[in-house]
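The values are calculated or read from the model by the stated rules, or taken from the named source; none is laboratory data. This one's a predicted model, so the numbers in the text were calculated from it and none came from an experiment. Virtual Cβ from ideal backbone geometry, glycine too; neighbours counted across all protein chains shown.
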Amino acid sequence: MRRTPAALSCAIALVLPTAWPAWPATRPEPRLLGLSITVPTSASLGSAAPGGVITGHLGAVTVDDTGVVAAWTTTVTATNFTTGAGAPAQTIGKGSVSYWSGPATAKTGLGTATPGQATAAQAQSLSASRTAFSLANGTLVTSVTWNPTLIVAVPASAVGGGYTGTVTHSVA
């Protein structure tokens, strides 16, 4: 069967975890300090032909600090995005996925909220953990919301299909 590159598309959908990751016993768990994070449970980023680029918003990410934490940092990580059995042609490596936090879309309380990547030009590959947002000199009650963007470079060798991956935000 002959396939033409223009006939293939790669749809990207994410499953975003809502559970807290394991926390080291040597540090207080963020929720005990009044920190919480809310993320979308899924996002559909769209589609592109192999060799193309998909750009889409994940949806609102919000960190609430209702405790005594004057500073926090949110990090973001990702898994590879796969379709089918996840063979090489069915995988978009996390290094091909870039993250751009953008500016805060909402903020309450005092403190300096700083995006990890304020502009699209500062987007970073998710080949490693990245800082998504941070707060310094916060008051007892703060909240910061942003709507991050993912930029997915679809490999030219990718096969058509619905690709899924996980993007995880953590706050400490």
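Tabulated values for the structure
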quantity: Set 58, 45: member being in contact with a Pro (Cβ under 6 Å, 6 or more places away or on another chain) and over 12 Å from residue 155 (Cβ atoms); calculated: 58
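Listed here are the residues, each with its yes/no results for (1) touching a helix residue (DSSP H, G or I) at 6+ places or on another chain (Cβ under 7 Å); (2) of a type in the set (Val, Ile, Thr); (3) at pLDDT 95 or above.
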{"residue": "128", "(1), (2), (3)": "no, no, yes"}
{"residue": "136", "(1), (2), (3)": "no, no, no"}
{"residue": "140", "(1), (2), (3)": "no, no, no"}
{"residue": "148", "(1), (2), (3)": "no, no, yes"}
{"residue": "151", "(1), (2), (3)": "no, yes, yes"}
{"residue": "154", "(1), (2), (3)": "no, yes, yes"}
{"residue": "168", "(1), (2), (3)": "no, yes, yes"}
{"residue": "172", "(1), (2), (3)": "yes, no, no"}
